[in-house]
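Report on the structure given below.
The values are calculated or read from the model by the stated rules, or taken from the named source; none is laboratory data. Everything quoted here is computed from the prediction, not taken from an experiment. Every residue, glycine among them, receives a Cβ derived from its backbone with ideal geometry; neighbour counts consider all protein chains shown. Just so you know, the surface numbers come from the protein's heavy atoms only, side chains and all, with ligands and any DNA or RNA stripped out. Shrake-Rupley method; radii C 1.70, N 1.55, O 1.52, S 1.80 Å.
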Amino acid sequence: MHEKFLKPYNPEESEKAIYKIWEDSGFFNPDVCVEKGVTRSDAEPFSVIMPPPNANGSLHAGHALFVTLQDVMTRVARMQGKRTLWFPGADHAGFETQVVYEKKLQKEGRSRFGMEPKDLYKEILDFTLSNKSFMEGQLRSLGASCDWSRELFTLDERVVHTVHDTFKKLDDDGLLYRGARTVNWCPKHQTSLSNLETEHEERTEPFYYFQYGPFVIGTSRPETKFGDKYVVMHPDDTRYAEYTHGQKIDLEWINGPITATVIKDVAGDPEMGSGVMTITPWHSGIDFEVAKRHNLDYEQIINWQGKLLPIAGEFEGMSIKEAREKIVEKLEKKGLLVKIDTTYKHTVPVCYKCAREIEPQIRQQWFVTMKPLADRALKALADGEFRILTEQHEKIFRHWLTGIEDWNISRQIVWGIPIPAKICAKCDAGYVDLTNSIVTCTACGGEVVKDPDTFDTWFSSGQWPYVTLGFPDGDDFKTYYPTTVMETAADIIFFWVARMVMFGLYRTGKVPFRDVYLHGLVRDKHGKKMSKSKGNVTAPTEISEKYGTDALRMGLLIGNTAGTDMNLDPDKINAYKKFANKIWNISRFVLNAVADAGLDLTHALQKEDTILLSEVQELARDVTTDVEKYRLYIAGEKLYHYTWHRFADEVLEESKQILQGDDESLKKSRVRTLYEALIIQLKLLHPFMPFVTEEIWQALPERETGLLMVAKWPKE
RNA sequence: GGGCGGUUAGCUCAGUUGGUAGAGCGUUCCCUUGACGUGGGAAAGGUCACAGGUUCGAAUCCUGUACCGCCCACCA
């Protein structure tokens, strides 16, 4: 017996070396598997595209969870002889990374504003690339058996090329437009954001009622009211029947007398306050819609930095907070303040990164018309072209797509894929221009310049499955698309999953994946969300150094149902560290028995031993079914149970008598049985706990393959 | 405002197609020489939130209630 078994299993000693053997073998690459005869060239393909981790920091527990889930699926498929591809990537993560980098700049007393875009881009690129290799190292340490030879970065030429083509195709198909529309503007980050990139905070803020000529209007935002010269009410509101649409009314307002115009529009809700409102189209989407319907003027009141513009008169240059109080004071002095409701509760949109209030602003942006894309995706789901394994997520998915709105895909940041377009310096019209050939604006004759904006990262990420596989004519695309399963975090179901489905169908005519497995959030042991500010973040690399990667993987997997959040408890991980050691000692026992009694794999089996082996084979059937039905947690638990509480606690204990007895035939039969049962268990356990099982495999006296990683799965 | 979940042992959670409940940790007791003390054996502990219903039978299906949570959302 190998002398390494004289000590307890030490993950730290074996993991790095084991991973190197795997990687050097080339078997992560399905082409190598075919070349070396491990996989048949006509074998059924199995493919998983890895959600590319952001190359802007360390891996977190959620990454460890996805690596575990995807690696289990991948390793099982590979051992089953399928042509198995797990495609890795790294995400430049546009806005996310730029925010991370801006924080770094701030620490150094610098700011992105005032930097040359080119210089900023170069700095972020260097930063990202160095993080990228760090992140790849961490994926390796988690045991990810992905094909590194294919790895793709989201800014690689191939990606940019395809993304630009999609942009052009959307334009050709009339699904793209550039328009002045209300966007979510973050005054800190100086960019527009998609709806999904805003969060909503409930606030209790004063709600003011002002006298506006003969009307009383209510608002929580007095600072936007300077330009309000339209007063809107519902056409059927009998209280205001005496006023007619278009009627002019002179009245005293914040900075003196103005003339207001009556607008009858269904946007006026008779149930709300007095049923009368004034509108600020530049800073409210609803108001903008009203203005558009009636072709009304609109004017910017608040600048891009969140300060009041000259239209505010004496309040010019003030911040919103400062101006709000002073305006109310002034209106009160003028006798126009009717009352203040201090119990008013409402929600305000905030930037998901900095929590600053979003200022709705009108801005020329690129938008994608989503409805046709969404309808096609919904049809694909209804027709069963793909399925979402968790029912609740399928409902959520359907609900979101049913009410989808157009998508603002342009961002005012440098870190991202440039939008291949020209915009008119004079009238802001935009032209899709992949070949950089447009020189004048057809609308106004003005000069056009390169659009400085970049794409929302998700615009490119949404195309990841077919981009990675080399759409339209790459071999991988032909072999592996649509992919078998998309495994990713449930919280990006809209950001990513929905977009992949829509884009996949749009560009390739096929869904990008057959099954969608969504995992929940990894929380701390008390169920609290991990966050840097709370200081409860557990780095997976630390856990795996302390307990071993196999233990970490089992701890993340078992007891975790698809789609639900889980808590990461070190005590639980430790239990699986013990399990790794248990497997180690079981192997030691079996190898001792082999050394003592000799191993004859052709020796006739006792009836009892046949039964024992059939028991393990039944386990193999169970585990295989569970894995194929994506019940990985159950598979893991069954293995744990069988190996420890049946095989170790009972079978090995009972075997001691036989092994110590003097019936050589019984002994030989039992040793063969134990050995074969061990082999099966190692194989079954390998996808879950790859390191310890491979380490043991390497010490087996008789084994069918050099590497357990490509051994034959014990059940077809 | 709309949508989706959860409520099972002291704690954190499983429970695959309905057949009177399981894991890890914790607690109590016992076991020190040959696989493993990172161990072995045993035990305590649950009216499966509540109320109805379907069923021979419900933690599991249906309806309602209570509490907790998550997501989406431009209501002045």
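Starting from the Cα of A:K122, draw a straight line to each of the aspartates and glutamates and keep only those under 20 Å, dropping any in the same chain fewer than 8 residues away.
A:D91, A:E96, A:E102, A:E108, A:D156, A:E157, A:D451, A:D453, A:D456
Provide the net charge surrounding A:H686, with neighbours chosen by a C-beta distance below 12 Å and charges set as Lys +1, Arg +1, Asp -1, Glu -1.
Taking every Cβ under 12 Å from that of A:H686, the sum is +1.
Using C-alpha positions alone, give me the convex hull volume of segment A:509-658 per residue in cubic angstrom.
Here the figure is 169 Å³ per residue.
Which percent of the accessible heavy-atom area of chain A goes to carbon and sulfur, probe 1.4 angstrom?
50
Given a 1.4 angstrom probe, what's the average accessible area per residue across segment A:603-680, in square angstrom?
48
What residues qualify as long-range amide H neighbours of A:S220, i.e. H under 5 Å apart, gap of 5 or more or another chain, H built at 1.01 Å from N?
Hits under the 5 Å cutoff: A:Y208.
Rank-order A:707-714, A:371-378 by packing density, defined as the average count of other C-beta atoms within 10 Å over each peptide's residues, highest first.
A:707-714, A:371-378
Just to confirm, what accessible area per residue do you get for segment A:458-519 at 1.4 Å probe, in whole Å²?
In whole numbers, segment A:458-519 has 24 Å² accessible per residue.
Leaving out same-chain residues fewer than 8 places away, which lysines sit with a Cα under 24 Å from that of A:K333?
Result set, ordered by chain and number: A:K225, A:K229, A:K307, A:K321.
Where Lys and Arg each count +1 and Asp and Glu each count -1, what net charge lies around A:I362 among other residues with Cβ under 10 Å from its Cβ?
Spelling it out: positives minus negatives among the neighbours equals +1.
Once ligands and nucleic acids are excluded and a 1.4 Å probe is used, how much of A:E332 is accessible, expressed in Å² to the nearest 10?
A:E332 exposes around 110 Å² with every protein chain in place.
Quick one: if the Förster radius is 51 Å, what FRET efficiency do A:K334 and A:W400 give, using the C-beta to C-beta distance and rounding to 0.05?
0.65
Using alpha carbon centroids, what distance separates segment A:535-611 and segment A:1-53, in Å?
Segment A:535-611 and segment A:1-53 have Cα centres spaced 18 Å from each other.
What do you get for the angle between helix A:632-641 and the principal long axis of chain A? Use alpha-carbon atoms, 0 to 90 degrees, nearest ten.
30
Please compute the alpha carbon radius of gyration of segment A:23-74, then divide it by the globular-protein estimate 2.2 N^0.38 Å. Two decimals is fine.
1.42
Measuring with a 1.4 Å probe in the full set of protein chains, what accessible area per residue, in whole Å², belongs to segment A:91-237?
That works out to 41 Å² for each residue.
Between helix A:11-25 and chain A, what is the angle of the helix's C-alpha long axis to the longest principal axis, kept within 0 to 90° and rounded to the nearest 10?
90
Could you tell me the center-to-center distance, by alpha carbons, between segment A:294-341 and segment A:153-213 in angstrom?
When both Cα centres are located, 25 Å separates them.
Just the number, please: Stokes-Einstein D of chain A in µm²/s, Kirkwood Rh from C-alpha pairs, 37 °C, 0.692 mPa s.
Taking Rh from Cα pairs, D becomes 112 µm²/s.
Could you rank the peptides A:47-55, A:141-149, A:603-611 by their average count of other C-beta atoms within 10 Å per residue, with the highest value first?
A:47-55, A:141-149, A:603-611
Extension gain A:K321-A:L251, at 0.36 nm per residue separation less the Cα-Cα distance, in nm?
22.6 nm
What is the helix-to-structure angle for A:94-107, meaning the angle in degrees between its Cα long axis and the longest Cα principal axis of chain A, kept from 0 to 90 and rounded to the nearest 10?
So the helix axis and the longest Cα principal axis differ by about 80 degrees.
Give me the net charge for the shell around A:E299: Cβ to Cβ below 11 angstrom, other residues only, Lys and Arg +1, Asp and Glu -1.
Residues close to A:E299 contribute a combined charge of -1.
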